[in-house]
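Below is one structure; the comments refer to it alone.
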Amino acid sequence: MSRHGDSGSGERGGRGERGGTRKSGGSGGRGEGAGRRESTRRTAPAADEPLADELVADVLGRVRYAADGAAAEDAVEAGASLLAAAPAGWEAVSAAVVAAAAAGAAQCWTGGWQPADLERFLRRAADGATHAELAVDAIAADAARNPATRTPRGPRWADQLRRLGADVWWEADRGYLDALARRRRTTRFQTAYDTLAALRALARVPRITPLPSPPAPPAAHARSAAASRALGRIRGLLAKAEATTFAEEAEALSAKAQELMARHSIDEALLDSAAGSPHGTAGGPSAIRIGIEGPYEQAKALLLDAVATANRCQAVWAADIGFSTLIGFAPDLEATELLYTSLLLQSTTAMHRAGDAHARKKDEAPARKKQDGAPLTRGRSRRTRDFRQTFLVAYADRIRTRLTTATEAATTAATTDSPAPDLLPVLAARELAVEETTESLFPHTAPVRLRGIHDPAGWHAGNQAADRAHLGDGTP
């Protein structure tokens, strides 16, 4: 079931965070000057920079705290005019703006954000494309000033920076605004206006629940190699499931993948128990965030919750922020993310195929007539949207049953075959640890009420597609 919650709390029901579902209470094309530059290394400030720093700080204060609407627009316009004509000079203003942007990004990390989540949140807002693009520059400036942020926060953080293209593409901070104006083909005033608007958005993002520290990597090379082999097999099965055009083959492959995931989770639990650490190599569960993109976010969050539950994780959906937080042990989190990504692709492909066929069938049917003879038709776009939403919810519901059944079967087989008599207590202890961690991170979660689920044909088609989806044990 799915929970939904707010940025620092939650709502129960397959779970969503405001961030199952529980609901809790990057940009491409950045190749210009590709590669990380040392442009943000600070030398002694030029004589004009203190004046520019003071001006930028004053302008940003007015912009940040201006009321939304016309007052904010007026503040940004006035600030842009001041910056464009600053006595300290455009280059000094540019350096001060980059410093302020880097500080704004660092403040977001203190508020619980990670790079990918921040970019997604800003992109979803009004004028989000521009804000998100400039926020990536702020992230790059912060990373260049603080190289340590690329390693101690874990490989996932570094991977987010890489995927966003968060590299310093400008030659020097004093030339950033000019380089930005050339890149975007805007005037000095428009460049200042867009930059101030983005910095306002960056400064006003809400605080959210910070994630626990990432788990420590396994110390034993043999264990790491075994895990890599298992995950390699799972990835291979899911890749085949995504590529095949035969529904029965996709179903068998996905089922096999889930079986391997369940076995891998059990093996990791037994290894931790044998090492005297039933709560994992890092001492307990960790958490990651998975972006939930539109359309049909509710159904996609429900699918993620279904996969998480089957893999001994919990999901909390933050609908207003655009992601779900997954809580679990590291191997289970990785398995959940892998399978969800694959099933999302499979379900979306099946949804479009079934939706197009459904729409064609409806269009070919004779138009109904009102009593006065005028045609009574329903808009195709609305009809297709209802069908697809219902399709994805039905798909997630059926997938939940299939995955849970596969996990239970793998657990039963492992309990029967394993020489370790304490397997079930170990698994129970880990499930309790995940639940306690979830409650600690999101003490206020609430159920998600599903809406727009009223197309019988969509429900039937979604169930059929889920029955055909590749999980992987070779059986339908």
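Annotation: Glu133 fulfils all but one of (1) surrounded by fewer than 21 Cβ atoms within 10 Å (Cβ to Cβ); (2) closer than 30 Å to Glu293 by Cβ; (3) charged (D, E, K, R); the unmet one is (1).
One line per residue, one yes/no per condition, for (1) surrounded by 20 or more Cβ atoms within 10 Å (Cβ to Cβ); (2) over 30 Å from Ile288 (Cβ atoms):
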position	(1), (2)
Trp169	yes, no
Leu180	yes, yes
Arg184	no, yes
Ala198	yes, no
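Among the numbered conditions (1) under 16 Å from Asp173 (Cβ atoms); (2) at pLDDT 95 or above; (3) of a type in the set (Ser, Thr, Tyr), the only one that Thr43 does not meet is (2). Within region 336-355, residues that are within 12 Å of Ala396 (Cβ to Cβ) reach partners that are hydroxyl-bearing (Ser, Thr, Tyr) with beta carbons closer than 6 Å, at six or more positions or on different chains, in the pairs Ser347/Tyr395. Only one of the numbered conditions (1) modelled with pLDDT under 70; (2) assigned to a loop (DSSP other than H, G, I, E, B) is not met by Asp68, and that is (1). If the condition is being within 20 Å of the chain's Cα centre (by Cα), modelled with pLDDT under 95 and part of a helix (DSSP H, G or I), then region 136-163 contributes Thr149, Arg150, Pro155, Arg156, Trp157, Ala158, Asp159, Gln160, Leu161, Arg162, Arg163. For Ala95, are the conditions met, namely being part of a helix (DSSP H, G or I), of a type outside the set (D, E, K, R) and crowded, with 21+ Cβ neighbours inside 10 Å? Taking the combined requirement at face value, the residue satisfies it.
Restricting region 100-145 to residues that are out of contact with any helix residue (DSSP H, G or I) (no Cβ under 7 Å at 6 or more places or on another chain) and of a type in the set (S, T, N, Q), the residue that is farthest from Val205 (Cα to Cα) is Thr110. Pairs are defined by a Cβ separation below 7 Å, a sequence spacing of at least 6 or placement on different chains, a first member in region 428-451 that is within 23 Å of Ala330 (Cα to Cα), and a second member that is at pLDDT below 85 and among the hydrophobic types (A, V, I, L, M, F, W, C); the pairs so defined are Arg430/Ala269.
The set of residues in region 322-336 that are crowded, with 24+ Cβ neighbours inside 10 Å and over 20 Å from Ser440 (Cα atoms) comprises Pro331, Ala335, Thr336. Quick one: in region 416-436, which of the residues that are among the aliphatic types (A, V, I, L, M) and at pLDDT 85 or above is surrounded by the most Cβ atoms within 10 Å (Cβ to Cβ)? Ranking the qualifying residues of region 416-436, first place goes to Val434.
For (1) at pLDDT below 80; (2) in a helix (DSSP H, G or I); (3) surrounded by 14 or more Cβ atoms within 10 Å (Cβ to Cβ), each residue gets a yes or a no:
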| position | (1), (2), (3) |
| --- | --- |
| Asp372 | yes, no, no |
| Arg378 | yes, no, no |
| Thr401 | no, yes, yes |
| Ala410 | no, yes, yes |
| Ala414 | yes, yes, yes |
| Trp459 | yes, yes, yes |
| Gln464 | yes, yes, yes |
| Gly472 | yes, no, yes |
| Pro476 | yes, no, no |
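When Ala86, Ala138, Ala143 are checked against the criterion of being crowded, with 18+ Cβ neighbours inside 10 Å and farther than 30 Å from Ser213 by Cα, Ala86 stands alone in meeting it.
The values are calculated or read from the model by the stated rules, or taken from the named source; none is laboratory data. Since this is a predicted model, take the numbers as computed values, not measurements. All Cβ positions, even for glycine, are placed from backbone atoms using ideal geometry, and neighbour counts span all protein chains on display.
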